[in-house]
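Everything on this sheet refers to the single structure shown next.
The values are calculated or read from the model by the stated rules, or taken from the named source; none is laboratory data. Computed from a prediction, not measured in an experiment: that's the story for all the values here. Note that we place each Cβ from the backbone using ideal geometry, even for glycine, and neighbour counts take in every protein chain shown.
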Amino acid sequence: MYFGMRRSGLISFAIHALLIAAALIVLPTPKIPTSADDEVSVQFVGPSQPQTGEKPNKVAAPADIPVPHIAPKAPTPKITKPIVAPPPPPPPPPPAPKQPALPKPPAPAPPPPPTVQAPSIAPPTPPPPPQPPQKTTSTVVQPPIPLPPIPQPPAPAQSATHQQHVVKTPVPLSSAVLNTLQDLKTLQKQDKPPTSTYNPDAGGAPNGGGSPNSTANSRLSGADRNAIGAHVKPCWSIDAGAPGVSTFSVFLDVQTDASGTVRNATIDPQSQANMTDPYYNAYAQRAISAVMNYQCATLPLPPYMLGQPQTFVFQFSP
Amino acid sequence: MKLPARFLPILSRRGVLGAGAALSLLPRLARAQTAPATGNGPAISVSGAQNAPIPLAIPLFTDPSGAASDIGTQIAGVISDDLGHSGLFRPIDPSSFVPNSIANGVPVWANWSILGAQALITGDVADQGGGQLRVEFRLWSITQQKQVQGTAYTTTAANWRRIAHIIGDVVYQELIGESGYFDSRVAYISEAGPVTSPVRRLAVMDYDGANNQFLTDGSSMALSPQFNPTRQQLAFVSFQGNNPRVYLFDLQSGSQSLVGSFGEMTIGPRFSPDGNSLLMSVSHGGGAAIVKVGASGGGMTELTDYTSINVTPSFSPDGSQIVFNSDRDGNQQLFVMGADGSGAKRISFGDGQYAEPAWSPRGDLIAYTRWGSGGFSIGVMQPDGSGERILSQGFLVEGATFCPNGRVIMFYRQTPTEDGHDSRLVTIGIDGFNERLVDTPTNASDPSWSPLLS
């Protein structure tokens with residue numbers, strides 16, 4: 001009996017020792033965060049900035065259009081004159097998002113400056129002998145795009161620890177208001193913790209107070225993530241004929257409102273470097289469309305994450 | 001205390017080590033099944049995407065006041081056909097549109113998103129007098145609720161189809177990420193008349209079959225037209241004087257000229273990517289060599305010899321290689337060689353014989369005709385001969401040509417009929433889907449797709 005228990009004890013000890021050793025050896029090492037210096041800062045010129053007019057457009061850019069050749073026997077030479085597209089009537093302001101906590105935008109943002117483009121259009125060739133399409137030019141004005149009002153930043157709240165200037169050498173029994181307030185303040189008992197924050201200029205530690213760019217992913221369980229991914233999957237489609245699409249993967253920063261509905265989605269910085277590839281750009285835009293599709297935009301968030309806006313990081317793979 | 005026998009294997013020395021090793025793998029397996037960490041917890045992974053077309057809505061183009069416009073209706077129809085026939089877009093049935101879903105020029109987003117539309121194309125057409133039209137269009141992203149593109153075009157009223165094709169290409173570029181192919185033309189050989197003495201004429205049309213024009217009168221048989229990639233020019237084979245030779249047809253002037261007198265006959269012309277030189281086959285003494293000549297006919301260079309039949313050459317898009325068809329190995333197969341004729345290497349090894357190779361403008365595929373016991377087929381393979389795929393089969397399918405962005409192939413399909421045969425032009429995606437007939441007024445063969453016109 002004794003030897004049996006001793007043997008069992010030794011076996012138990014050996015198993016526990018192995019498990020502890022295995023856990024120590026193979027504990028997952030934390031991933032080294034990507035340094036901002038590793039990323040190539042690329043300006044994304046695409047659908048997210050359609051009004052800038054900086055995107056090369058074969059149709060709209062006059063430099064890309066070859067000089068038209070007019071067929072000698074063209075019955076009616078096609079001539080166009082520059083035109084300017086008048087801006088559309090001012091659109092009504094978009095409906096306010098369902099976020100009562102968000103500040104009301106005080107005034108709509110001014111429309112972006114119009115971009116002048118001059119596309120060339122070629123008319124069809126007449127009957128034989130064939131004529132090349134005659135190209136004509138026109139001036140095109142990018143109509144102003146309705147932009148949602150930009151909320152004004154709230155006025156900076158005065159710090160609770162802010163101190164007014166006081167008279168340095170008050171006369172005895174001065175009735176100056178500031179001195180009186182100062183006197184009253186010193187008489188009050190401190191019953192709240194200090195609310196001051198670090199001062200970087202004074203050498204404060206910027207990373208000492210938590211992550212300013214934190215997302216809600218860390219508060220999701222694996223099952224939650226799987227459920228959300230499965231919910232968005234039906235809206236996720238790709239162009240399988242795009243070169244290299246099987247290797248694409250894009251990270252999105254997805255913001256939800258208090259009800260868990262996606263309100264905005266942007267390309268995560270770690271994927272921005274690839275956006276110069278037009279195929280990747282289109283892939284990423286389709287990912288944004290998937291997560292913002294009305295059929296998939298209401299995410300199945302756990303109840304404890306509802307009631308306030310959240311930001312999640314999504315990864316879209318083929 | 002004695003453990004049950006079923007536990008003994010686990011508690012043995014080997015079992016303990018095995019269990020430990022298995023436990024040590026668990027964390028790694030768990031990491032492999034989750035998305036990469038982002039520094040704030042694993043990302044929410046979405047995968048298993050569908051290869052689905054983009055649903056978009058194309059309401060009829062109106063006049064600036066919002067009233068119906070005949071030409072606006074036609075423009076919207078051509079845009080819808082262009083995008084829908086590409087297989088990459090799915091135009092939503094207009095009958096399902098919610099009325100008044102454009103308010104003050106801006107979409108009522110909810111009315112479009114409820115239809116599942118991801119993009120919306122709106123536009124209007126204004127008659128500016130003097131036969132001039134002003135067509136304004138906007139591309140909207142429904143999911144992101146913003147305008148993606150807004151452009152206006154002015155042209156003659158007769159040119160409305162071209163405007164529609166250009167708008168389609170803009171939409172294609174914005175949503176797919178590469179240039180479209182709608183604003184392009186196709187040269188082909190029109191065949192009419194009795195089977196015993198058909199009249200074969202050189203013809204050209206829009207890529208979708210519209211605006212068909214005959215370029216030759218049929219007095220001499222024409223074959224194998226090829227678009228110059230940089231000029232308004234065609235190369236083709238004409239049987240003037242019953243002697244097949246390569247001619248050039250100037251699309252601006254309508255004139256044609258003989259490239260040169262080489263050998264007994266010259267066939268199978270193909271332009272170089274810069275349009276300045278021409279590959280063709282010159283027959284001599286029972287063989288045919290591939291030669292390179294200037295587009296004006298001078299400076300002939302023999303790239304192969306005449307000991308075998310070497311025909312139908314096609315440049316790679318960068319001009320560094322040439323794929324051609326040769327029977328030097330006993331039957332017709334495909335070979336790739338350098339642009340100077342060096343290093344010829346066979347790339348086709350499947351059953352049957354291969355002919356009429358065409359190099360994709362993207363450079364990633366070579367289309368070909370193959371025939372054997374299973375009949376004729378159109379297929380594609382990579383330039384090294386790997387990844388061969390058959391796209392379409394039939395009694396006779398030949399003459400593959402790529403669209404400007406390499407996504408679609410056009411070829412002709414000939415089927416026997418009681419009084420001869422029926423020959424039609426067909427398009428098909430390089431994935432083998434979305435095969436469609438192209439309307440032509442007569443039997444058609446030997447298509448050649450032009451580059452983009454704009």
**OP:** Pull up the stretch B:50-83, narrow it to residues that are buried (at least 17 other Cβ atoms within 10 Å of the Cβ) and in a loop (DSSP other than H, G, I, E, B), then point me to the one that is modelled with the lowest pLDDT.
**Re:** B:Ser69
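Regarding the stretch B:421-428, can at least one residue be identified that is out of contact with any strand residue (DSSP E or B) (no Cβ under 6 Å at 6 or more places or on another chain), more than 20 Å from B:Leu234 (Cα to Cα) and at pLDDT 95 or above? So that I can check it myself, show each step before the final result.
Of the residues in the stretch B:421-428, the ones out of contact with any strand residue (DSSP E or B) (no Cβ under 6 Å at 6 or more places or on another chain) are none.
So far as the stretch B:421-428 goes, no, none of its residues is out of contact with any strand residue (DSSP E or B) (no Cβ under 6 Å at 6 or more places or on another chain), more than 20 Å from B:Leu234 (Cα to Cα) and at pLDDT 95 or above.
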Original post:
Quick one: B:Leu453 ticks every box in (1) among the aliphatic types (A, V, I, L, M); (2) assigned to a loop (DSSP other than H, G, I, E, B); (3) away from every other protein chain (no Cβ under 14 Å) bar one, so which box is it?
Top reply: (3)
Subject >> Options A:Asp268, A:Asp239; residue that is within 10 Å of chain B (Cβ to nearest Cβ) and closer than 30 Å to B:Gly363 by Cα >> reply: A:Asp239
Original post:
Counting only residues that are part of a loop (DSSP other than H, G, I, E, B) and crowded, with 24+ Cβ neighbours inside 10 Å, which one in the stretch B:179-199 is farthest from the chain's Cα centre (by Cα)?
Top reply: B:Asp183
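Consider B:Asp431 carefully, then state whether it is in a loop (DSSP other than H, G, I, E, B) and of a type in the set (D, E, K, R).
yes
Within the stretch B:145-160, can you find the residues that are surrounded by fewer than 20 Cβ atoms within 10 Å (Cβ to Cβ) and either within 7 Å of chain A (Cβ to nearest Cβ) or under 30 Å from A:Thr298 (Cα atoms) (or both)? Don't jump to the end; show me each part of the working.
So the first thing to find is which residues in the stretch B:145-160 are surrounded by fewer than 20 Cβ atoms within 10 Å (Cβ to Cβ), and the list is B:145-146, B:157-158.
Correct list: B:Gln145, B:Lys146, B:Ala158.
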**OP:** Answer with yes or no whether B:Val282 is outside any loop (DSSP other than H, G, I, E, B), touching a Lys or Arg at 6+ places or on another chain (Cβ under 9 Å) and either at pLDDT 95 or above or within 15 Å of B:Met265 (Cα to Cα) (or both).
**Re:** no
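Across the stretch B:125-135, which residue is surrounded by the fewest Cβ atoms within 10 Å (Cβ to Cβ) among those that are facing chain A (nearest Cβ under 10 Å) and in contact (Cβ under 8 Å) with a residue 60 or more places away in the chain? Lay out the reasoning, then the answer.
First pass over the stretch B:125-135, keeping only residues facing chain A (nearest Cβ under 10 Å): B:126, B:128, B:130-135.
Keeping just the survivors that are in contact (Cβ under 8 Å) with a residue 60 or more places away in the chain gives B:126, B:133, B:135.
On the way: B:Ala126: 20, B:Leu133: 23, B:Val135: 25.
Looking at residues that are facing chain A (nearest Cβ under 10 Å) and in contact (Cβ under 8 Å) with a residue 60 or more places away in the chain, I get B:Ala126.
Wholly within the stretch B:289-398, which strands (runs of 3 or more DSSP E) include no fewer than the required count, namely at least 3 residues that are closer than 24 Å to B:Glu435 by Cβ and not small (Gly, Ala, Ser)? Walk me through how you get there before you give the answer.
Details: elements: B:310-315, B:321-326, B:333-338, B:353-359, B:366-372, B:375-381, B:389-394.
Passing ranges, in order: B:353-359, B:366-372, B:375-381, B:389-394.
Being at the interface with chain B (Cβ under 8 Å from one of its Cβ atoms) and modelled with pLDDT under 95 narrows it down to one residue among A:Ser221, A:Ser289, A:Ser246, A:Ser317; which is it? Lay out the reasoning, then the answer.
Working: A:Ser221 fails: at the interface with chain B (Cβ under 8 Å from one of its Cβ atoms); A:Ser246 fails: at the interface with chain B (Cβ under 8 Å from one of its Cβ atoms); A:Ser317 fails: modelled with pLDDT under 95.
Residue meeting the stated conditions: A:Ser289.
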Subject >> Positions within the stretch B:128-162 being in contact with a Gly (Cβ under 8 Å, 6 or more places away or on another chain), part of a strand (DSSP E or B) and more than 22 Å from B:Leu115 (Cβ to Cβ), in sequence order >> reply: B:Val135, B:Glu136, B:Thr156
**OP:** Give me the pairs, please: first residue somewhere in the stretch B:194-209 and more than 13 Å from every other protein chain (Cβ to nearest Cβ) and closer than 15 Å to B:Asp446 by Cβ, second residue anywhere and of a type in the set (Asp, Glu) and in a strand (DSSP E or B), beta-carbon distance under 6 Å, and either six or more positions apart or on two chains.
**Re:** B:Pro198/B:Glu191; B:Arg200/B:Glu191
Original post:
Pairs under 6 Å by beta carbon, first residue free of Cβ contacts under 8 Å to residues at least 60 places away in the same chain in the stretch B:326-338, partner part of a loop (DSSP other than H, G, I, E, B) and surrounded by 22 or more Cβ atoms within 10 Å (Cβ to Cβ), six or more apart or different chains?
Top reply: B:Gln333/B:Ser348; B:Leu334/B:Ser348
Subject >> Single unsatisfied condition, B:Phe97 versus (1) at pLDDT 95 or above; (2) within 26 Å of B:Thr427 (Cα to Cα) >> reply: (2)
Subject >> Of residues in the stretch B:85-108 being in contact (Cβ under 8 Å) with a residue 24 or more places away in the chain and assigned to a helix (DSSP H, G or I), the one nearest to B:Asp169 (Cα to Cα) >> reply: B:His85
Original post:
Out of all the residues in the stretch A:298-306, is one or more within 10 Å of another protein chain (Cβ to nearest Cβ) and either within 18 Å of the chain's Cα centre (by Cα) or farther than 26 Å from B:Arg407 by Cβ (or both)?
Top reply: yes
Original post:
What are the residues in the stretch B:35-49 that are at pLDDT below 55 and surrounded by 17 or more Cβ atoms within 10 Å (Cβ to Cβ), if any?
Top reply: B:Ala35, B:Ala37, B:Thr38
Subject >> Any hit, the stretch B:109-118, residues being crowded, with 20+ Cβ neighbours inside 10 Å and free of Cβ contacts under 8 Å to residues at least 24 places away in the same chain >> reply: no
Original post:
With respect to the numbered conditions (1) within 14 Å of chain A (Cβ to nearest Cβ); (2) more than 26 Å from the chain's Cα centre (by Cα); (3) under 27 Å from B:Ala355 (Cα atoms), which one is the sole condition not fulfilled by B:Ala222?
Top reply: (2)
Original post:
Restricting the search to the stretch B:241-251, which residues are more than 16 Å from B:Ser281 (Cα to Cα) and in contact with a strand residue (DSSP E or B) (Cβ under 8 Å, 6 or more places away or on another chain)?
Top reply: B:Phe249, B:Asp250, B:Leu251
Original post:
Which residue, of B:Ala119, B:Ala52, is at the interface with chain A (Cβ under 10 Å from one of its Cβ atoms), out of contact with any helix residue (DSSP H, G or I) (no Cβ under 9 Å at 6 or more places or on another chain) and among the aliphatic types (A, V, I, L, M)?
Top reply: B:Ala52
**OP:** Go through the stretch A:274-303 and give me each residue that's in contact (Cβ under 8 Å) with a residue 60 or more places away in the chain, over 18 Å from B:Asn51 (Cβ atoms) and in a helix (DSSP H, G or I).
**Re:** A:Met275, A:Thr276, A:Asn281
